[in-house]
Each structure stands twice: as C-alpha cells, then as structure tokens.
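Take a look at the structure set out below.
The values are calculated or read from the model by the stated rules, or taken from the named source; none is laboratory data. What you are looking at is a predicted structure, and each value in this text was computed from that prediction instead of being measured. With ideal geometry, Cβ positions are generated from the backbone for all residues, glycine too; neighbour counts draw on all protein chains shown. What goes into the accessible areas is simple: the full protein's heavy atoms, side chains included, and nothing from ligands, DNA or RNA. Shrake-Rupley method; radii C 1.70, N 1.55, O 1.52, S 1.80 Å.
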Amino acid sequence: RYLYRMLEQLLEAAKNLQRPLSLLFFDIDNFKRVVDTHGHLNASRVIREIGATIQEAISEPAFGVAYAGDEFIVVMPGSNRDGATALAERIRKKMRRTSYLASRGLALKIKASFGVSSFPEDAWDATGLLGLADQAMFFIKASGKDGIAEMAPDISGVDTGSESP
C-alpha cells in the first residue's frame, strides 16, 4: 500500500513540477534454488540482506520496497531513465560483489534481472510505469537473466496509462 500511495503522490508532484520519475522493478535470479537448497528461513534472510544492499545504494528521496516474494521496486523521484539505469547497474554490481548469508557460514552469490521505466517518456501513471518495468524485467529474464532492460511504451498488452502530455 505504501508503494502505491507514494507512487501516486510522487507522480502527481512530478507532473506538476515537470520533473522526471523513474522506477526499477527487479527479481532475484534463480531464487527457488536458494529456497530449495537453504530453506525458507535462510531465503528470508537473503531478502533482508538484499534490502540492506538496496538501502546502501540509494539516497533520498529514492526508496525501495520488497514487492512480492523475491521482487523489489525502487522509486526515484527526479531521476530520468539514464539515472535509473545507472542506479540499476550499481545495485546489480553491488549484489554480485556481496556474499549473502556470510554471517551464517554461507557465501551465496546472488544475481538479479532489472527492468526500468520512466515518467514522462514511458507512462503517465503508476500502473503504466509498473507494468512497463515489469515487462522489461521479464524480457531480461527470458534473455538470460542478470541484466537490465529499458523498454519503450509500445509493448503489446501493457497499459501505459490513459493520460498523455
């Protein structure tokens, strides 16, 4: 709920101020293998540690949320697509360098697939931005994982919002 409420408010402010807003939608690659090998409790610990990795990589007013299972969203008010893609790359590299569950005697290497979308280029509402970033993430998942995709708003079947400039 926090994500949707804040995203709506931030989008409205971005429209009024004519400033960009971008978001990242990302998913941990092969997370089921972590669960199957190390159990649900350790998998939950990995999620928390990845949350800490995100917090270390971002600065206000950006914020990140765990979205569903092994998915995360980072919202970046004032950031354009290039800035969002650069942040995604920083997070991706930081995750690759980090050994997760090291405090438990494990050294799990975690990778993720990222999708990027931006206002006003891609969509004018939260549903459109989330949908496009999600589609871009799935494009990377289907293309081999561990990467970042930006996609244009003409993806078939994705609602990019009814408002226009």
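Annotation: per residue accessible area for region 19-71 equals 50 Å², rounded to a whole number [probe 1.4 Å, protein chains only].
Placing K141, K93 in order of accessible area, with the largest value first and a 1.4 Å probe, yields K93, K141. Under 5 Å between amide hydrogens, built in the peptide plane, is the criterion, and for S22 it picks out M76, G78, S79, F119 among residues at least 5 positions away or on other chains. Per residue, the chain reaches -16000 deg cm²/dmol at 222 nm when only DSSP H runs of four or more residues are counted, each adding -39500 (n - 2.57). Placing +1 on the Cβ of each Lys and Arg and -1 on the Cβ of each Asp and Glu in region 1-54, which of T37, L17, I47 has its Cα farthest towards the positive end of the resulting dipole? The one lying farthest along the dipole's positive direction is L17.
Spin-label model, R81/K109: points 7 Å from Cα along the beta carbon direction are separated by 3.2 nm. Backbone amide hydrogens, once placed in the peptide plane, bring F63 within less than 5 Å of V75, excluding anything fewer than 5 places away on its chain. Here region 52-92 has 46 percent of its accessible surface on carbon and sulfur atoms, given a 1.4 Å probe and all protein chains in place.
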